[in-house]
1. Can you give me the relative contact order of the chain as a percent, contacts being Cα pairs under 8 Å and 6 or more apart?
2. Quick query: amide H of residue 190 versus all other amide H atoms, modeled in the peptide plane; which residues come in under 5 Å with a sequence gap of 5 or more or a different chain?
3. Name the long-range amide H neighbours of residue 179: under 5 Å, sequence gap of 5 or more, or other chain; modelled H, no Pro or chain starts.
4. Once phi is turned into ³J(HN,Hα) by the Karplus curve 6.51 cos²θ - 1.76 cosθ + 1.60 with θ = phi - 60°, what whole-Hz value does each residue of the stretch 81-87 show in order, with x for glycine and proline?
5. Rounded to the nearest whole Å², what accessible area per residue is found for the chain with the 1.4 Å probe?
6. If you filter the stretch 63-164 for GluC sites (Glu not before Pro), then keep DSSP loop positions with at most 16 other Cβ within 10 Å, what is left?
7. Which ³J(HN,Hα) values in Hz, rounded to whole numbers, follow from the phi angles of the stretch 319-328 under the Karplus curve 6.51 cos²θ - 1.76 cosθ + 1.60, where θ = phi - 60° and Gly and Pro get x?
8. PRE reach from residue 71 (point 7 Å along Cα→Cβ): which of the stretch 214-249 fall under 15 Å by backbone N?
Amino acid sequence: MTSARETPLRLTQFAHGGGCACKIPPGELEDVLGGLTAALPAPSDTPLLVGLASGDDAAVVTLPAQGGAAQAMVSTADFFTPVVDDPYDWGRIAAANALSDVYAMGGRPVLAVNLLAWPRDVLPFELAREVLRGGLEIAAEAGCHVGGGHSVDDPEPKYGMAVTGLADPERLLRNDTGRPGLPLSLTKPLGLGVLNNRHKATGERFEQAVATMVALNRDAAAAALAGGASCATDVTGFGLLGHLHKLARASGVTAVIDTAAVPYLDGAREAVRDGYVSGGTRRNLDWVTPHTDFGGTDYGTRLLLADAQTSGGLLVAGQVPGAPVIGELVPRGPHSVVLR
């Protein structure tokens, strides 16, 4: 489960948080964004298909018709502080996480630019090069160009990408198109947040977590589209419960989760038991509590369901071959999420 491989400098010790757990809490973010959904005048030949209103994974516009099939452009950006100590792995994880937002919309990433913040007087640039090398390799695996980027001198190291993708505007995956009767599939196990937090605190390396985070959501998105799905989101910093609440709210339904069917990484429950729970995870749970019927679910399971994931899987309203079905969408009830 773990290995003793070390790097000379522990990157996670140079950041106050780690990975998507360092996101601004969802409730606070919604307060900041409130009232900012009014669209400014825009060219009539590039209508906005997905914007701020639904809180989806990326923005989407329709491109002007050029005589062929209609296309949509998907745009997103994602970056964060070190989630692991190994700079190459951090680069791979951050790139996979940024690309995931395009896949979560049913798109294909075609161009990325790097976003790098680096404490140039503290950490050697050899480590920054390894971070960028990891990001470049994952982008190459995705068939996505990397065309430069932007860097700043910053007290905390941060890395990610701004990504542009293409999609069929008639076959998008959105978070507001769920309907009662659809099953819910989850394409990666939970527990990334607590294992990353344990890694930050102890230096233990969890190979199963790294392998999960660097895995692209490309095949899962393709399988979802092939199965006729139109509703999906990826599970990242707001945890399964947070992203599920946003999907159910946007779609006007209630999500019922079979807690026994949810998959977890090896060591995740032990990490919760031993107290390696980030502040971001606890804030996620606080945010969804008024909107969730927890039933008899124990507190440790609630924390895992709210665990702040980094480069997590897709949550799809539909069946995805090989992915467990963890629940279903039902007509809207008093809560947006119900645990059983």
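The values are calculated or read from the model by the stated rules, or taken from the named source; none is laboratory data. This one's a predicted model, so the numbers in the text were calculated from it and none came from an experiment. Glycine also receives a Cβ, built like all others from the backbone with ideal geometry; neighbour counts cover every protein chain displayed. Just so you know, the surface numbers come from the protein's heavy atoms only, side chains and all, with ligands and any DNA or RNA stripped out. Shrake-Rupley method; radii C 1.70, N 1.55, O 1.52, S 1.80 Å.
1. Relative contact order for the chain comes out at 23 percent.
2. The answer is 264, 265.
3. Amide H to amide H, under 5 Å and 5 or more residues apart or across chains, residue 179 pairs with nothing.
4. Values, residue by residue: 6, x, 9, 9, 7, 6, x Hz.
5. Result: 42 Å² of accessible area for each residue.
6. When the GluC sites (Glu not before Pro) of the stretch 63-164 are filtered for loop state and at most 16 Cβ neighbours within 10 Å, nothing remains.
7. 8, 10, x, x, 9, x, 8, 10, x, 7
8. Nothing falls inside the zone, counting backbone N under 15 Å.
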